[in-house]
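Participant: Next up is a structure, given as structure tokens.
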Amino acid sequence: MTATGKTQKSFPWILLLCSSIAFAILLGLGIWQTQRLFWKEQLIAQIEERVHSAPKPLSDIEAEFAKTGVVDYMPVTLRGTFQHEREQYFFTTFKGASGYAVYTPLILNDGRAVLVNRGFVPYEKQNPATRPQGQIAGEVTVTGLARDPLIAKPSSYLPDNEPAKKLYYWKDWGAMMENSGLAQDHDFVGFFVDADATANAGGLPQGGITILEQPNNHLQYAGTWFGLAAVLLVVTFIYIFRQRRSGDVQ
């Protein structure tokens, strides 16, 4: 008891401890988002550099893939013959329309195969019979961007792929390769190729649909976490200062 009859409270150590833990967590999240910001900026710069470089022969891209396992967005040129009867479909959108990206095995001159994303077709053009002009026969040259295979399903929210229907919601390279029916007789190059925007006869599939823009909101996220940490620090300081000034704590 004090002379005024008020009961003094002990210093709010629990509050200070909890605030310190929360502050450390918020600070850590801010630092993590800052690191992600630097990583994303480097990724964007790398993509920009790669997509504007000259296309390389497939052998050069394969050598890089064997060395690093990463060839995303590297321009490549290859020659071969499409196996149109074995095309498969990845659900996607393009310029606001829903439809499919058509993945077709390309048999190379050395007998191997590459899964090529030839481009976008709307729902009503999924059936190849509705776009016969685009089913090019004979040897062709394909220029596009190499794309790394995914290690696993990127999100549990995505539907499961339906290989029996040749329909995919995520780009499972292994399943597409096996489902092509060519894996027993042909070795497959271990990555995809997205064809460029060179027009196909009849206009479909429409190539050049690779998404190059990378969302980069990490600066805003970092600012949010650092801001919350600062607010928590100020609020805690003000609360303890006022309690001590009023004589409620000792």
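The values are calculated or read from the model by the stated rules, or taken from the named source; none is laboratory data. Everything numeric here is computed off the predicted structure, so don't read it as measured data. Cβ atoms come from the backbone with ideal geometry, glycine included; neighbour counts cover every protein chain shown. Note: areas computed on protein heavy atoms with side chains; ligands, DNA, RNA excluded. Shrake-Rupley method; radii C 1.70, N 1.55, O 1.52, S 1.80 Å.
Participant: List the relative contact order of the chain as a percent without decimals, with contacts defined as Cα pairs under 8 Å and 6+ residues apart.
Facilitator: 26
Participant: So what does the Cα-only Debye profile of region 104-250 read at q = 0.10, 0.21 Å⁻¹, as log10 I(q)/I(0), no solvent term?
Facilitator: Taking Cα atoms of region 104-250 as identical point scatterers yields -0.52, -1.45.
Participant: Sorted by accessible area (1.4 Å probe), largest first, how do W170, W13 line up?
Facilitator: Of W170, W13, the descending order of accessible area is W13, W170.
Participant: Also, I was wondering about something else. Which one, (i) 19.5; (ii) 13.6; (iii) 18.6, gives mean projected area of the Cα convex hull in nm² as derived from the coordinates shown?
Facilitator: (i)
Participant: Keeping all protein chains in place and using 1.4 angstrom, which order do F38, F192, F90, F226 fall into by accessible surface area, from largest down?
Facilitator: If we order F38, F192, F90, F226 from most to least accessible, we get F38, F226, F90, F192.
Participant: Now, a different point. Kindly state, as a whole number, the per residue volume in cubic angstrom of the convex hull around the alpha carbon atoms of region 104-150.
Facilitator: 114
Participant: For the chain, what does the accessible surface come to per residue with a 1.4 Å probe? Please give it in Å².
Facilitator: 58
Participant: From the Cα gyration tensor of region 20-136, with a ≥ b ≥ c the square roots of its eigenvalues, which class applies: rounded if a/c is under 1.5, or else prolate if a/b is larger than b/c, or else oblate?
Facilitator: Oblate shape, in that a/c is at least 1.5 and b/c is the bigger or equal ratio.
Participant: Now a separate question. Which value at 222 nm does the chain reach when only helices count, each DSSP H run of 4 or more adding -39,500 (n - 2.57), with the total divided by all residues and rounded to the nearest 500 deg cm²/dmol?
Facilitator: My calculation for the chain gives -12000 deg cm²/dmol from helical runs alone.
Participant: Which percent, nearest 5, of DSSP beta bridges in region 6-136 are antiparallel?
Facilitator: In region 6-136, DSSP labels about 90 percent of beta bridges as antiparallel.
Participant: Could you calculate the contour length gain from S20 to L212, that is, 0.36 nm times the residue separation minus the distance between their Cα atoms, to one decimal place in nm?
Facilitator: Result: 65.0 nm gained on full extension.
Participant: Within the chain, which whole H helices from DSSP have a Cα span along their axis of at least 20 Å and a mean Kyte-Doolittle hydropathy of 0.0 or more, if any?
Facilitator: 13-51, 218-246
Participant: I would also like to ask the following. For region 123-250, with all protein chains present and a 1.4 Å probe, just round the carbon and sulfur fraction of the accessible area to a whole percent.
Facilitator: Carbon-and-sulfur percentage of accessible area, whole number: 58.
Participant: Please compute the modelled spin-label separation between V234 and L150, points set 7 Å along Cα→Cβ, answer in nm with one decimal.
Facilitator: Those two pseudo-labels are separated by 4.3 nm.
Participant: A further question follows. Given the C-alpha centroids of region 102-147 and region 176-213, what is the distance between them in whole angstrom?
Facilitator: Spelled out, the Cα-based centre of one part sits 5 Å from the other.
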